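Below: the structure, in structure tokens.
The values are calculated or read from the model by the stated rules, or taken from the named source; none is laboratory data. What you are looking at is a predicted structure, and each value in this text was computed from that prediction instead of being measured. Neighbour counts run over all protein chains shown; Cβ positions are idealised from the backbone, glycine included.
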Amino acid sequence: MHLLPPILLLATTAQAHYRFSRLILNGVSEPKEWTSIRQTKNYQSNSGVTDVNSPDMRCFQMRPGTGTATIAAGEKLGFVAESEITHFGPVQFYMARVPDGADINTWEPAGNVWAKVAKIDAVKGSAGYTSGVETWPAYQKKSVDFTLPKSLPSGKYLVRVESIALHQASNPGGAQIYLSCAQVNVTGGGNGNPGPLVAFPGAYNRNDPGLIWSYYPVKTSYTAPGPAVWQG
Ligand SMILES: *[C@@H]1O[C@H](CO)[C@@H](O)[C@H](O)[C@H]1NC(C)=O
Ligand SMILES: [Cu+2]
């Protein structure tokens, strides 16, 4: 077992956490937090979810939604990280279609409803997979975004952003998952069929290799947990 020297341990625990509380539409950030994003339980603590079997893995919400943003298929959708992504790890985006007739503010995205639509995964550098920004493109960013697939059918969706923090994930249960769900109305969409569809909780297992991090030996491969990205 490898123990971090006390000074390093102090440095990792003292780092600020974060929350995803504002959308970026057409390059413009929503001025107010929790406008089109369901307010999360960590809105003050900024702490992550560590139990991947918890229903908090869906939206981590403390109250129903209040607003819905409109965005066209093929456009970029971004999330502001308050105040930045202070831990290394992958960022992934999932979408769940709100059933016709359901209220987007209160719909509970339980069961196999989530398709992974994008991810910002690890990039292998000359030193392999490190804990630095050369490996993790989302690390230390103040916002992250992805492009909505053009073939995404028009309609109401929840968009779930997650940042998996691996800095304390040398053992199962150590990964911290920072997440929230935006409410969007997609217009101008196509007739694609997003999938495979997975459930939260359910999609991840605490022993998933993508939820475990070893500083040493240096990893020779890394794949974020969950299903493949739907290609649109
Ligand atoms: C979504 O956009 C469509 C097309 O503009 C519109 O007809 C519909 O009312 C919108 N729905 C919501 C919930 O905003
Ligand atoms: Cu933190």
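Pairs please, first residue from segment 49-71 and crowded, with 21+ Cβ neighbours inside 10 Å, second anywhere and modelled with pLDDT under 95, Cβ atoms under 9 Å, 6+ apart in sequence or on different chains.
Within 9 Å, the pairs are Ile71/Asn26.
I'd like the full set of residues that are crowded, with 24+ Cβ neighbours inside 10 Å and among the aliphatic types (A, V, I, L, M), limited to segment 87-104.
Result: Val91, Met95, Ala96.
Condition test on Val123, is it more than 18 Å from Leu197 (Cβ to Cβ) and either outside any strand (DSSP E or B) or touching a residue at least 40 places away in the same chain (Cβ under 8 Å) (or both)?
yes
Filter segment 162-183 down to the residues that are more than 16 Å from ligand 2 (Cβ to nearest atom) and crowded, with 23+ Cβ neighbours inside 10 Å and list them by number.
Result: Cys181, Ala182, Gln183.
Among all residue pairs at least 6 apart or on different chains, which show Cβ distances below 6 Å where the first residue, located in segment 149-170, is hydroxyl-bearing (Ser, Thr, Tyr) and the second is away from ligand 1 (no atom under 16 Å from the Cβ) and assigned to a strand (DSSP E or B)?
So the pair list comes out as Ser163/Val91; Ser163/Tyr178.
Filter segment 126-161 down to residues that are assigned to a loop (DSSP other than H, G, I, E, B), more than 16 Å from ligand 2 (Cβ to nearest atom), closer than 30 Å to Asn105 by Cβ and hydrophobic (A, V, I, L, M, F, W, C), then give me how many there are.
2
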